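The values are calculated or read from the model by the stated rules, or taken from the named source; none is laboratory data. From a predicted model like this one, the values you see are computed outputs, not experimental measurements. Glycine also receives a Cβ, built like all others from the backbone with ideal geometry; neighbour counts cover every protein chain displayed.
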Amino acid sequence: MSEASRTVVRGGLVVTAADEVHADVLIEDGRVVAVAAPETEFAAGWSAARQIDARGRYVIPGGVDAHTHLEFPFGGTFSSDTFASGTTAAAWGGTTTLVDFAVQSRGYTLRDGLDAWHAKAQGNCAIDYAFHMIVSDVNERSLREMDLLVAEGVTSFKLFMAYPGVFYSDDGQILRAMQHGARNGGLVMMHAENGPAIDVLVEQAVAEGRTDPRHHGEVRRTLLEAEATHRAIALARVADCPLYVVHVSAAEALAELARARDAGLPVFGETCPQYLFLSVDNLAEPDFEGAKYVCSTPLRPREHQAALWRGLRTDDLQVVSTDHCPFCFAGQKELGRGDFSKIPNGLPGVEHRMDLLHQGVVDGHISRRRWIDIACAAPARMFGLYPRKGTIAPGSDADLVIYDPRASQVISARTHHMSVDYSAYEGREVTGRCETVLSRGEVVIDRRTFTGRAGHGRYVPRGTCAYLH
Ligand code: URP
Ligand code: ZN
Ligand code: ZN
Ligand code: ZN
């Protein structure tokens, strides 16, 4: 073994979804080769070109954010983070793998969409990345292409019950895609909101002059999320297909997932930091500031937060991703002044998921290991990246974070690295901060200095969902 290609991380508390142990970690050629108690002769004997002192800190797996939209065409504009800026911001926040959504545009093939996303990402990413596929045109050809994509490592497909005329699929198309997923091992991800009903309420609200951002939250009723979630589960049962419901925000929708899981069905759920920390109060901020918080599913009344935290504890929700989809306030969110339905939907957040969830540990909502599970291990298992990603074990990629659990920071657009002109968490103080971040053994954040580069990140083909076999 050559000392030059080795790094050793000494003296930290290694936290994974399964364990918390004081251990040294030996890295060689971008992979973890050993994890051992510091006092052992074995660990003491490791020589390495780089030594990282992690005493008094946690050593955690790099985060896996399984839901981002970089350079995403939506609402007549594009999300403001590129693959370069978005992956760099992710690295700052301790996330070392993204699964972004490639988009099939109407009238085009899945292959066209996937090729376009590879072209955007290739050579531009600071951390590793993979793709899901948004299927917005379910037809015979798309269904056949799903098989090919699964075989090449794009093993999950997002369908929309919302956004008629854009990404929307009707129940028949959804059933067909699910039947196909049941055969090819792909996981169907669902945006569960009753889009046609919401569009009626949107039209009525705007006609009546209820045009402020807060009405976005009012028309996208919790009942219409719960109903769609229920319907998606029923369709998945008919198709005998597993289901992953994205960005769950309403307690009533979560109750549908819990009921399905209690019945033993292969149904999974994701929520996002915005639903755990923000609420309709933000949507009601004056002077059009509420537009900063327009996303779908929408922010809910505060009471829903406790239900979501509970769902994370009880494993009715398995994953927290960001649904990072940033639009600048100036020039982008402003497209919807005077008509909330024209505000591009989406929130920035890829940089702060690990810290906000750590705040959930500090606040007593979840345990430390659960933090790592929902942010690293479960998304890696769900989307066929485990154990290469999501844990610290011999053979895993050396994606890890030296995390200072006592540092305090104030989140602000003045200091964040996302390419967007506001923060949804402006002024919020959180306890805990990433100090040093490694991606495949390379130090990309060194004690709060960026040392990575766009182009270091590699495309990672994925296996199928590990919860199903
Ligand atoms: O508002 C959101 N969530 N924008 C991104 C697209 C989606 O539905 O995930
Ligand atoms: Zn097939
Ligand atoms: Zn969605
Ligand atoms: Zn999304």
(request) Evaluate the following for residue 102: is it of a type outside the set (Phe, Trp, Tyr), in contact (Cβ under 8 Å) with a residue 24 or more places away in the chain, in a strand (DSSP E or B) and within 16 Å of ligand 1 (Cβ to nearest atom)? (result) yes
(message) Could you list, ordered by first residue, the pairs with Cβ atoms under 7 Å in which the first is in segment 185-208 and under 19 Å from residue 233 (Cβ atoms) and the second is part of a loop (DSSP other than H, G, I, E, B) and more than 16 Å from ligand 3 (Cβ to nearest atom), at least 6 apart or interchain?
(response) 186/155; 187/155; 187/242; 187/465; 188/241
(message) I'd like to know if segment 132-150 contains one or more residues that are within 16 Å of ligand 4 (Cβ to nearest atom), free of Cβ contacts under 8 Å to residues at least 40 places away in the same chain and small (Gly, Ala, Ser).
(response) yes
(request) For residue 415, state whether it is more than 20 Å from the chain's Cα centre (by Cα) and either part of a loop (DSSP other than H, G, I, E, B) or modelled with pLDDT under 95 (or both). (result) yes
(message) Of the conditions (1) in a strand (DSSP E or B); (2) free of Cβ contacts under 8 Å to residues at least 60 places away in the same chain, residue 52 satisfies every one except a single condition; which number is it?
(response) (2)
(request) Quick one: which residue in 68, 16 is at pLDDT 95 or above, surrounded by 20 or more Cβ atoms within 10 Å (Cβ to Cβ), away from ligand 1 (no atom under 16 Å from the Cβ) and closer than 19 Å to residue 401 by Cβ? (result) 16
(request) Could you tell me whether any residue of segment 271-284 is over 22 Å from residue 329 (Cβ atoms) and either assigned to a helix (DSSP H, G or I) or more than 16 Å from ligand 3 (Cβ to nearest atom) (or both)? (result) yes
(message) For segment 65-96, give me each residue that is closer than 12 Å to residue 350 by Cβ, in a strand (DSSP E or B) and either of a type in the set (A, V, I, L, M, F, W, C) or touching a Phe, Trp or Tyr at 6+ places or on another chain (Cβ under 7 Å) (or both).
(response) 66
(request) Check whether at least one residue in segment 174-182 is within 15 Å of ligand 1 (Cβ to nearest atom) and among the hydrophobic types (A, V, I, L, M, F, W, C), and report yes or no. (result) no
